[in-house]
Each structure stands twice: as C-alpha cells, then as structure tokens.
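Worksheet: one structure, shown below.
Please treat every number below as a calculation from the coordinates, not as lab data. Keep in mind the model is a prediction, meaning the values are calculated, not measured. Because the Cβ atoms are built from the backbone with ideal geometry, glycine has one as well, and the counts that use them run over all protein chains shown.
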Amino acid sequence: MTKTDTQAFDWNTATSSQAAILASANGNLVQALATATQTYIDGVGVLTKELTEFVTARLEHDMEYGQSIAGCKDWNELAEVQQKWASQAGDEYMAQAQKIVELGMNLATNGTGGNGQKGNGQAAKSGT
C-alpha cells in the first residue's frame, strides 16, 4: 500500500464516522423540529379556540345590549344600560387579554397549550 492509499483510507474512515454522527444528529434535529412544530400547531389551536369562544360570547352580549337599548323608555334608562354594557365589556376584554397572554406564556415557556399537556398531534383544550 502506498502512502497515498493510506491517506485516502484514513479520510474515508473519518468521513464515514462523521457521516454517522451527522445522521444521528439530523435524526434528533428532525424529531425536535417535528415536536416544536406540533407544539406550535397545538398552541395556535388553543388560542384560536379561546378567541372564537370569546368573540361568540361578546356577540351574544352585544345582541342582548341592542335588545336592551330598544326596550329603554327614557334617556336615564338608556344611560344605565349603556354604562352597564360598557363596564361589562371592558371587564371581559381585560380578562380575555390576560387569559391570552397567559396561554401565550405557557406555550412559550412550557411548550404547552395552556393545559399542561405538550403537543401530541391533537389540539389541546383550553382550561375554560
């Protein structure tokens, strides 16, 4: 065997070993990426569900408000109905904003969709 053949052989051995290490690392990387993607999808599902439920409830309250306004007999009653609606709506929007921030923080820090379960291929259910 010539010196050149030995050098080529060593290079092939080193390349083979490095390829095995890279293949192993890539498998772990692919798994981590798949898990992260599923966690993201689950989290977006939780946030979407939460926002949809909130919007639906707000629309129902707003329709009730419209009906209440239609039934007002004078300006004082109208002012009371409007004040009650504005206070309730403000409270609900603030509570919902806080809930969305908490869900987002859970997803970002714990990789959970708000209920403590990590992404598993199914949209997580919110705690509401």
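Quick notes on this one:
- Distribution of pairwise C-alpha distances over the range 8-110, 10 Å bins, in %: 12, 23, 17, 14, 11, 8, 6, 4, 2, 1
- Pair Glu102, His61: separation of 7 Å Cα→Cβ label points (nm): 1.6 nm
- Compared with the direct C-alpha span, the chain from Ser17 to Gln83 gains 16.4 nm at full extension, assuming 0.36 nm per residue.
- Along the axis of the charge dipole computed for the range 8-110 (Cβ charges of +1 for Lys and Arg, -1 for Asp and Glu, origin at the Cα centre), the listed residues Ile100, Gln83, Gly71 are led at the positive end by Ile100.
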